[in-house]
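See below for the structure under consideration.
The values are calculated or read from the model by the stated rules, or taken from the named source; none is laboratory data. All values reported here derive from a predicted model rather than from experimental measurement. Using ideal geometry, Cβ is built from the backbone for each residue, glycine included, and neighbour counts are taken over all protein chains shown.
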Amino acid sequence: MAILYFSDILKKVGLDPKKVKLIRHAYSHNNFKKLAERNMIYEYTRHQRKDFSKGYDYWAVFISGKGTLAQLYTVYKVGDYVSDTPDMIPEGSTEEEASGYTGEGAVYELTRLDILKEYEGKLTIDWGPSTRKWDQKGTTEKPIISIMPDEKKVFMGYEEVLLSYDQLKEIVDNKEIYEAWHVALKSVNAIYLIVDTETGKQYVGSAYGEDGLFGRWCCYVNSHHGHNKKMKELICNYPERYHAFQFSILQILPKTIIPEEAVRIENKWKSRLLSMKFGMNDN
């Protein structure tokens with residue numbers, strides 16, 4: 001007998017189950033499967049009939065699992081809608097999906113919420129025997145079957161590193177989960193690139209300390225600016241701007257490299273990218 005239901009979770013995070021619609025997308029539906037493979041679950045979800053969200057302020061979206069099980073995908077806050085006229089067809093849609101844009105349905109404005117972010121892809125419910133009824137009330141009792149713990153994250157390779165500030169902070173602050181990342185980034189020195197995604201301005205830096213690239217990037221996590229003059233000025237004027245910083249690796253350097261050689265290579269990258277003339281490097 002279940003002792004915990006999804007409606008209990010909704011109440012815990014301050015949502016009234018009466019105002020939440022539950023949605024279950026099924027991979028057995030060929031159109032959904034194709035769009036999911038194209039990373040278009042959002043586009044698929046927001047296309048509904050015009051009265052679909054009447055009386056509801058939120059949608060909790062699940063993806064089908066084995067049998068009647070379903071995993072939490074995300075929670076959306078629902079806004080206004082516009083008619084699903086052909087000009088609203090999302091780029092990359094399947095023919096089946098595109099054919100449904102007739103002007104009789106609706107395309108809703110959805111805002112993804114973070115209130116259950118830590119449970120996305122981890123919380124599994126039993127949808128029950130009525131799997132054909134893919135949208136139901138939030139008050140419908142859905143037993144919690146399992147909540148998966150965080151798994152250790154595999155390091156993807158230096159050439160694949162592309163991180164927002166928030167992602168980098170998560171890696172730095174969670175050693176147990178990102179142990180492989182810590183080891184890999186500590187094992188090398190590097191020339192790195194930081195881009196302000198608000199303006200496109202670039203900063204080229206070099207890491208050659210004891211903890212390699214990891215140690216240098218920790219400095220940005222802790223100080224937000226890495227003690228760089230132009231970054232300090234930027235954050236002084238726009239205190240939350242560091243959230244827009246994107247981190248990547250330009251060139252891996254050996255741990256045996258001397259500081260003078262690392263700086264020489266760094267300067268070559270500054271010249272190539274014009275980061276002193278147009279970016280955030282001041283020397």
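At a glance:
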read-out: Set Lys77, Lys18: member being in a helix (DSSP H, G or I), modelled with pLDDT of 95 or more and surrounded by fewer than 19 Cβ atoms within 10 Å (Cβ to Cβ); value: Lys18
read-out: Sole exception among (1) surrounded by fewer than 19 Cβ atoms within 10 Å (Cβ to Cβ); (2) on the phi > 0 side of the Ramachandran plot for Gly226, by number; value: (1)
read-out: Single residue of Glu233, Glu266, Glu260 found to be part of a helix (DSSP H, G or I), of a type in the set (Asp, Glu) and surrounded by 14 or more Cβ atoms within 10 Å (Cβ to Cβ); value: Glu266
read-out: Which listed residue, of Ser187, Ser206, Ser164, is touching a residue at least 24 places away in the same chain (Cβ under 8 Å) and within 17 Å of the chain's Cα centre (by Cα); value: Ser164
read-out: Criterion: out of contact with any His (no Cβ under 7 Å at 6 or more places or on another chain), free of Cβ contacts under 8 Å to residues at least 24 places away in the same chain and within 19 Å of Thr140 (Cα to Cα) - qualifying residue of Lys12, Lys18; value: Lys12
read-out: Residues being farther than 19 Å from Thr124 by Cβ and touching a strand residue (DSSP E or B) at 6+ places or on another chain (Cβ under 8 Å) - total across the range 52-89; value: 15
read-out: Given (1) within 20 Å of Trp127 (Cβ to Cβ); (2) in a loop (DSSP other than H, G, I, E, B); (3) not basic (Lys, Arg), index of the condition Asn39 fails; value: (1)
